[in-house]
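Heads up: the structure comes next, in structure tokens.
The values are calculated or read from the model by the stated rules, or taken from the named source; none is laboratory data. Everything numeric in this text was worked out from a predicted model, so none of it was measured. All Cβ positions, even for glycine, are placed from backbone atoms using ideal geometry, and neighbour counts span all protein chains on display.
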Amino acid sequence: MSKVKSISFDKMSLQGIDQDAELIPLMTPEDEEEINNEELPDSIPILPLRNTVLFPGVVIPITAGRDKSIKLINDANNGSKVIGVVAQTDEEVENPAFTDIYTTGVVARILRVLKMPDGNTTVIIQGKKRFEIQEITAEQPYLTASIKEVPETRPEKANEEFSAIVESIKDLSLQIISHSPNIPSEASFAIKNIESPSFLINFVSSNMSLSVEDKQSLLETNDLKERALETLKFMNTEFQKLELKQDIQSKVQSDMSQQQREYFLHQQMKTIQEELGGASHEDEIEEMKARGKKKKWNEKVAKHFKKEIAKLQRMNPQVAEFSIQRNYLDLVLELPWNEFSKDKFDLKRAKKILDRDHHGLDEVKRRIIEYLAVLKLRNDMKSPIICLYGPPGVGKTSLGKSVAEALGREYVRVSLGGMRDEAEVRGHRKTYIGAMPGRIIQSIKKAGTSNPVFVLDEIDKLSSGIQGDPSSALLEVLDPEQNSEFHDNFLELGYDLSKVMFIATSNSLNTIQPALRDRMEIINVTGYTIEEKVEIARKHLLPKQLKEHGMTKDQLKIGKKRLEKIVEGYTRESGVRGLEKQIAKMVRYAAKNIAMEEEYNITISNEDVVEVLGTTKLERDKYENNDVAGVVTGLAWTKVGGDILFIESILSKGKGNLSITGNLGKVMKESATIAMEYIKANAEEFGIDPSVFEKYNVHIHVPEGATPKDGPSAGITMLTSLVSLFTQRKVKKSIAMTGEITLRGKVLPVGGIKEKILAAKRARIKEIVLCADNKSDIEDIKQDYLKGLTFHYVKDMSEVLQVALTKQKVKNAKEL
């Protein structure tokens, strides 16, 4: 069996076979006459062709690859050089039998046999006459058959219709060649020089782009005129296709040329980028598409992504919007859509982690454990919005890391202090230069999951400016009913924040917008007692500082007594930040001695504490003036926790004027005025001569005048101080008080009770006077904080004076 090379009008296909071969001349009428006079043999070897049909007079090259075909060609080339060529009915058959070939074929003469470098044999053959197979006489070593000639009917030479058909074929052939860029111009020369009508018909039929069935049908047509008409019909169809193709090309030529120009420019840019080591834009887009298929986003987001990446493909990479669009798609791909870390529901383990990292803070720990318990039962609970409210240094921010570890979630933190631009929360619109997403979406991208523990630090220090109010923008973030579709201006898509556990921290509730405060669960994180501070220093602060200074626990030891001395003598705060600084000084003292190879006490003594930290700064006799009438200890709340303050009163000769000093606010001055007027109205009940108020000036002072002080909590303290002054009855030792007063002498409740209680314990106070309505606040405080304290709950000023003042007058007191 043989395999034919591709045939075209190009004679150079023959030259490619052998550069030294002479060109096969076109058939002349004399050659045709000679062929017609040749006698056909009775039996002939049959060479099946897979994908072409040979016509009489036509010269074609074929390549033989199978052993049978090669032997047939070699035998014929060494003998008569005549073979029978037929087409296969099915080109897929590798070893065709009689049933797999057409019965009509063409007798061919072998013109040349060439051995090719690849081992195949190429043979150039020329068709002679048509034949029909009568019978297969042999199948080995190749097909051999008995044949008979199939004559064709030719019209007379004077037949004008046939001549017109032949001329039409020639003209149409020339037009097809001129319209087909794939056909070389030499083909026109060949067509013009063909003199024989039958050879022209056969030559055109052989070279037309027809199927084997159509060509075989033309070959089997005995009437030459009819064959010419069928050939002309096929040629007309081919020519119409060419014209239609040219019309379409002319319409789109300008668009195509522009697209081709851009395509070639992009290809050049791609090559340059690859040479420089960078990826091409097409590669980036394909990579984005591949990443997009792996995302777990919903149908809405997927549709939006396809739309935006199609927009990127249409953009010119040189325009500024291209980089913005690419950054936008990078953000969409990097966000953890519907990707959640698995929560750990081991409540005992969670409690152990919280207790390990933080001493105290029982209310916060209880709330976290409750949240985990509900989440374990339902597994679909929206995360709560918790606000840890308390003074600095009590562990509000660091608590977030412990909560994240207990839950098995990622931890992210955003500091809101001083933020005044709404775009910091919601992001910028893409139309702005330098647009970027808000801090919320950026942090979610950084976390890599959609359910991290998210700490919003210093939420009370948000400010507003001309760029908007970020606290209002946080309303959507922290509202459990809205944050399932949080809208970021840059992202332009709703992002689900409902599974995020937000923990906000605040030093004060007064500066938080009421609507924002309403959306959070406020948990009061109060200060620590002295005992708690010592434990925190021993378990956390000292090991941390030793590690940070490159030391081990065997190189420095600070006992509980020394830690207690540091707490009492060198710190006055609710938290432990100042305590940590003092411990760091002790560690640096040891580190210096180690580095200089000097001796030092590994176990710190009192003398070492004084040597390193100096003399005690805060130890003072808070009751040194108890023998002086008019000195009372009050309790106050500050932003850094609870504190004690002294209120002093003194009389001087004058006309009854009231003076108030000590950097007091408006509310405290009003409390002093109310106390003074109440005493004047009830002087007889207190045993005070009313004429005293006209003979003496009263001066009230609150020490530490550099510190601003305000609030109603000092009302009963001022009144007690004034009554003590006028009656010269001293105040009991180790007693402090807090509460607001009215002109009728009623005592009103105040806030910050827990912080004030802790301040009282630090100051070694034994008794505390409170409004009866504050009893519920005392009951909410852990009992360990109340050890050693006695509480007096009062409703009226008379009860305060009865509890606070002694009956004994001050020695050597002047009679008023």
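Points to keep in mind about this one:
- Residues satisfying the criterion are absent from segment 473-483 (criterion: surrounded by fewer than 16 Cβ atoms within 10 Å (Cβ to Cβ) and outside any loop (DSSP other than H, G, I, E, B)).
- Residue list for segment 426-468, restricted to those being in contact with a strand residue (DSSP E or B) (Cβ under 6 Å, 6 or more places away or on another chain) and of a type in the set (A, V, I, L, M): Ala447, Val453, Val455, Leu456, Ile459
- If the condition is being of a type in the set (Asp, Glu) and touching a residue at least 40 places away in the same chain (Cβ under 8 Å), then segment 215-251 contributes Glu220, Asp223, Glu238, Glu243.
- Restricting Gly550, Gly575 to residues that are exposed (fewer than 13 other Cβ atoms within 10 Å of the Cβ) and not assigned by TED's automatic domain parsing to the domain that holds Gly390 narrows the list to Gly550.
- Of the residues in segment 186-200, not one is of a type in the set (S, T, N, Q), assigned to a loop (DSSP other than H, G, I, E, B) and within 22 Å of Glu238 (Cα to Cα).
- Leading residue by the ranking (nearest to Ile385 (Cα to Cα)) among those in segment 430-451 that are assigned to a helix (DSSP H, G or I) and aliphatic (A, V, I, L, M): Ile440
- Residues located in segment 531-563, provided they are of a type in the set (Val, Ile, Thr), free of Cβ contacts under 8 Å to residues at least 60 places away in the same chain and more than 21 Å from Val610 (Cα to Cα): Thr552
- Residue in segment 67-89 that is within 25 Å of Asp214 (Cα to Cα), surrounded by fewer than 18 Cβ atoms within 10 Å (Cβ to Cβ), out of contact with any helix residue (DSSP H, G or I) (no Cβ under 9 Å at 6 or more places or on another chain) and outside the structural domain of Val204 (by TED's automatic domain parsing) present: no
- The set of residues in segment 424-436 being over 18 Å from Leu478 (Cβ atoms) and surrounded by 15 or more Cβ atoms within 10 Å (Cβ to Cβ) consists of His428, Lys430, Ala435, Met436.
- Inter-residue pairs, beta-carbon under 7 Å, first free of Cβ contacts under 8 Å to residues at least 12 places away in the same chain and in segment 291-316, second assigned to a helix (DSSP H, G or I), 6+ apart: Met315/Glu321; Met315/Phe322; Met315/Gln325; Asn316/Phe322
- Unique residue being among the aliphatic types (A, V, I, L, M) and exposed (fewer than 12 other Cβ atoms within 10 Å of the Cβ) when the list is Leu244, Leu219, Leu210: Leu244
- If you go through segment 668-688 and keep only what is in contact with a strand residue (DSSP E or B) (Cβ under 9 Å, 6 or more places away or on another chain) and surrounded by fewer than 17 Cβ atoms within 10 Å (Cβ to Cβ), you end up with Lys669, Thr673.
- Members of segment 781-790 found to be touching a Lys or Arg at 6+ places or on another chain (Cβ under 8 Å) and exposed (fewer than 14 other Cβ atoms within 10 Å of the Cβ), listed by number: Gly788, Thr790
- Filtering segment 749-771 to residues that are farther than 21 Å from Tyr389 by Cα and either among the acidic types (Asp, Glu) or more than 51 Å from the chain's Cα centre (by Cα) (or both) leaves Ala763, Arg764, Ile765, Lys766, Glu767, Ile768, Val769, Leu770, Cys771.
- Whichever residue in segment 497-533 is part of a loop (DSSP other than H, G, I, E, B) and touching a strand residue (DSSP E or B) at 6+ places or on another chain (Cβ under 7 Å) and, among such residues, is nearest to Glu580 (Cα to Cα): Gly527
- When Lys148, Lys129 are checked against the criterion of being basic (Lys, Arg), assigned to a strand (DSSP E or B) and in contact with a helix residue (DSSP H, G or I) (Cβ under 9 Å, 6 or more places away or on another chain), Lys129 stands alone in meeting it.
- Considering Ser341, Ser323, the condition of being outside any helix (DSSP H, G or I) and polar (S, T, N, Q) is satisfied by Ser341 alone.
- Residue list for segment 713-743, filter: charged (D, E, K, R) and either free of Cβ contacts under 8 Å to residues at least 12 places away in the same chain or in contact with a strand residue (DSSP E or B) (Cβ under 7 Å, 6 or more places away or on another chain) (or both): Arg729, Lys730, Lys732, Glu740
- Every condition in (1) surrounded by fewer than 19 Cβ atoms within 10 Å (Cβ to Cβ); (2) out of contact with any Asp or Glu (no Cβ under 8 Å at 6 or more places or on another chain); (3) more than 15 Å from Trp337 (Cβ to Cβ) is met by Glu492 except one, and the failing one is (3).
- Residue in segment 220-242 that is assigned to a helix (DSSP H, G or I), under 25 Å from Gly105 (Cβ atoms) and in contact with a strand residue (DSSP E or B) (Cβ under 6 Å, 6 or more places away or on another chain) present: yes
Let's see how each residue does on (1) modelled with pLDDT of 85 or more; (2) more than 17 Å from Asp488 (Cα to Cα); (3) surrounded by 19 or more Cβ atoms within 10 Å (Cβ to Cβ); (4) of a type outside the set (Phe, Trp, Tyr):
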site	(1), (2), (3), (4)
Ile386	yes, yes, yes, yes
Tyr389	yes, yes, yes, no
Ser402	yes, yes, yes, yes
Ile441	yes, no, yes, yes
Lys445	yes, no, no, yes
Val453	yes, yes, yes, yes
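- Applying the criterion of being surrounded by fewer than 23 Cβ atoms within 10 Å (Cβ to Cβ) and among the small types (Gly, Ala, Ser) to the residues of segment 714-758, the residue that is farthest from Asp643 (Cα to Cα) is Gly745.
- Residue match in segment 390-409 (condition: of a type in the set (Ser, Thr, Tyr), in a strand (DSSP E or B), under 30 Å from Ile530 (Cα atoms) and in contact (Cβ under 8 Å) with a residue 24 or more places away in the chain): no
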